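First up is the structure itself, then whatever we jot down about it.
The values are calculated or read from the model by the stated rules, or taken from the named source; none is laboratory data. From a predicted model like this one, the values you see are computed outputs, not experimental measurements. Cβ placement follows ideal geometry from the backbone for every residue including glycine, while neighbour counts extend to all protein chains displayed. These area figures cover heavy atoms from the full protein model, side chains too; ligands, DNA and RNA do not enter into them. Shrake-Rupley method; radii C 1.70, N 1.55, O 1.52, S 1.80 Å.
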Amino acid sequence: MYISCPSCRTRFRFDEQKVSGSGIKLRCSRCSSVFRLAAEKSANSGRLSVLVAHESAEFCTAVQKVLAPEPFDIISCHDGKEALDLTFRFRPDVVLLNVALPTMYGFQVSEALRGDPRTSGVKIILLAAIYDKTKYKRSPQTLYGADDYIEQHHIPDALAPMIYRLASNAKEVESANGIPETEKEIDTSATSITTKEAKDQEKVRKELMANQSAAAGDLTGEACKSARQLARSIVSDISLYREAELEEGVRTGKIDEYLGIEIRDGRAIYESRLPGAASYPVDFFEEALTELISQKKREMGIHDHEVTGGSD
């Protein structure tokens, strides 16, 4: 199995047979952090159940290719409400939620799952599209109850280790001095991927990003659906990475003051991906922004006039 250091996220290949009933403590050979690997999942017949929630069936298929070599049972779905229902029904070990899911945003699903005792043990990963990587070179301000997040372009090389780490409850140990003498501490060695693995990862990475571009450039009967989803993806990234500014803008009614730059950049990305956006019967970017602001106002208990300014 693969695991990754909770501190520096270096990837390791590890023999799960070495995990005893009480778990094991490992030391990362790269950053020297000590972390614990629990045994509970190793006893679960070696398989993990993973729910992948993304609006694109092609995207889900690409993710399944990435995870195919691993002992994972994959369930796929394509909207937020379905993801919520399936998680309650099947209680998967790990749920991967696109933040821009239709019907319910992924971060709404995450909050609902984390707030229900029936799914308190389910591990949640938020998937961010990161439409402008130059703007968002830092961690999200909040994970809405999720355990971790992953950016779309990192899926081929980082998703499987992240799933293993979360499912096995690998946690960093603050001080090695507190390790009982009876517990072994094993020094790990980072596993370098082969040339073939690197090529396979790059191939899937291109498939994932090509799927995103194809949806954005669709000018067939699905054009409006694709445009709406593109807008939701861009707006949801703003929410994930600028949550504090969003809340303050909603609270004060000054969206443009707190998020004007991000909104204008988001619209520019939207229009560059959809050259014919002006011809659509609906301004889907404005629609997505208005929906997000309205949702945030409901969460914050604000009932005055809806705030939609700042998108021009």
Point to revise | Which numbered condition L289 misses (of (1) within 22 Å of Q108 (Cα to Cα); (2) at pLDDT below 90; (3) open to solvent by less than 30 Å² (accessible area, probe 1.4 Å)) | key: (2)
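Kindly establish whether I3 is touching a Phe, Trp or Tyr at 6+ places or on another chain (Cβ under 8 Å), within 20 Å of R165 (Cα to Cα), at pLDDT 90 or above and among the β-branched types (V, I, T).
Numbers: touching a Phe, Trp or Tyr at 6+ places or on another chain (Cβ under 8 Å): yes; within 20 Å of R165 (Cα to Cα): yes; at pLDDT 90 or above: no; among the β-branched types (V, I, T): yes.
Considered against the rule, which asks whether it is touching a Phe, Trp or Tyr at 6+ places or on another chain (Cβ under 8 Å), within 20 Å of R165 (Cα to Cα), at pLDDT 90 or above and among the β-branched types (V, I, T), I3 comes out as no.
For residues that are part of a loop (DSSP other than H, G, I, E, B) and of a type outside the set (A, V, I, L, M), scanning just region 52-82, find the one that is most open to solvent (accessible area, probe 1.4 Å). Walk me through it before giving the result.
Initially, region 52-82 is screened for residues part of a loop (DSSP other than H, G, I, E, B), giving 54-56, 68-71, 78-79.
Filter once more, keeping what is of a type outside the set (A, V, I, L, M): 54-56, 69-71, 78-79.
Numbers: H54: 12, E55: 47, S56: 18, P69: 104, E70: 26, P71: 40, H78: 70, D79: 40 Å².
Top of the filtered list is P69.
Quick one: which strands (runs of 3 or more DSSP E) lie wholly within region 96-178 and hold at least 2 residues that are surrounded by 21 or more Cβ atoms within 10 Å (Cβ to Cβ) and either touching a Gly at 6+ places or on another chain (Cβ under 9 Å) or at pLDDT 90 or above (or both)? Even if it seems obvious, please write down each step before you answer.
Values: elements: 123-128, 148-151, 171-173.
Because the criterion is at least 2 residues that are surrounded by 21 or more Cβ atoms within 10 Å (Cβ to Cβ) and either touching a Gly at 6+ places or on another chain (Cβ under 9 Å) or at pLDDT 90 or above (or both), the strands (runs of 3 or more DSSP E) in region 96-178 that meet it are 123-128.
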Check your understanding: List the pairs whose first member sits in region 60-86 and is on the phi < 0 side of the Ramachandran plot, whose second member is surrounded by 19 or more Cβ atoms within 10 Å (Cβ to Cβ) and charged (D, E, K, R), and whose Cβ atoms are under 6 Å apart, counting only residues at least 6 apart or on separate chains?
Key -> H78/E55
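Yes/no per residue for (1) open to solvent by 60 Å² or more (accessible area, probe 1.4 Å); (2) part of a helix (DSSP H, G or I); (3) hydrophobic (A, V, I, L, M, F, W, C); (4) at pLDDT below 80:
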| residue | (1), (2), (3), (4) |
| --- | --- |
| K206 | yes, yes, no, yes |
| A244 | no, yes, yes, no |
| G249 | no, yes, no, no |
| G260 | no, yes, no, no |
| G266 | no, yes, no, no |
Exercise for review: Report the residue count in region 274-289 for those that are assigned to a helix (DSSP H, G or I), farther than 25 Å from Y149 by Cα and free of Cβ contacts under 8 Å to residues at least 60 places away in the same chain.
Suggested key: 5
